[in-house]
Amino acid sequence: MRHQLITRWDDKKLDAYEGYIDAVRTCVFAAVSLYETREGLRERVQEDAEIQAHMGDAGRLRGRAFERVMLLGGDDVVEAAHELNAVALSVDWQATGKVHGTLEEWRERNRAVFRSINAFHEAARTDLGVSGSVTGEQHPERDLLLPPPRSDA
């Protein structure tokens, strides 16, 4: 009976962790779309208002997913989620113009969010008892596939 209970909670944790990461990534990708459109790094497909509305919806889902992590996650997972939220918000803020920064600062914010995603993965894997790692010597840090700087930037 105890094994069934632990398995049930592990299943719920896995769902919560997966849902949270999916929500974070959705927010980041929407922010990237907004930023790159505004900066002329990508062709406009949607108006800024549409992208911002999508970002708002995605942000609400990220908040709900975060609450599930708060309810089910171990201490290290909760701390990793707090850190990830802070870094992900910095991406949102530069995309929407709430904070200003250079293209290199933008890129570093994006790198930081994916490092924080990896840290969250590590904490979640440990919490779930999954062996192995997603970082370290066998898994070198990979840079995002960001467009090259504009020649006029």
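Inter-part distance, segment 43-90 to segment 98-113, computed on C-alpha centroids, equals 17 Å.
Among the protein heavy atoms, those of Thr126 account for about 110 Å² of accessible surface (1.4 Å probe, every chain in place). For segment 1-109, the fraction of 1.4 Å probe accessible surface lying on carbon and sulfur atoms is 52 percent. Once all protein chains are placed together, Leu72 keeps about 30 Å² accessible to a 1.4 angstrom probe. Modelled label positions at Arg60 and Asp22, each set 7 Å beyond Cα in the direction of Cβ, lie 1.8 nm from each other. Along the axis of the charge dipole computed for segment 14-110 (Cβ charges of +1 for Lys and Arg, -1 for Asp and Glu, origin at the Cα centre), the listed residues Tyr20, Ala49, Val91 are led at the positive end by Ala49. Diagonalising the gyration tensor over the Cα atoms of segment 1-106 and scaling each eigenvalue by 5 before taking the square root yields semi-axes of 33, 14, 10 Å, largest first.
The values are calculated or read from the model by the stated rules, or taken from the named source; none is laboratory data. In this text the structure is predicted, and so the values were computed from the model without any measurement. Positions of Cβ are generated from backbone atoms using ideal geometry, with glycine treated the same way; all protein chains shown enter the neighbour counts. These area figures cover heavy atoms from the full protein model, side chains too; ligands, DNA and RNA do not enter into them. Shrake-Rupley method; radii C 1.70, N 1.55, O 1.52, S 1.80 Å.
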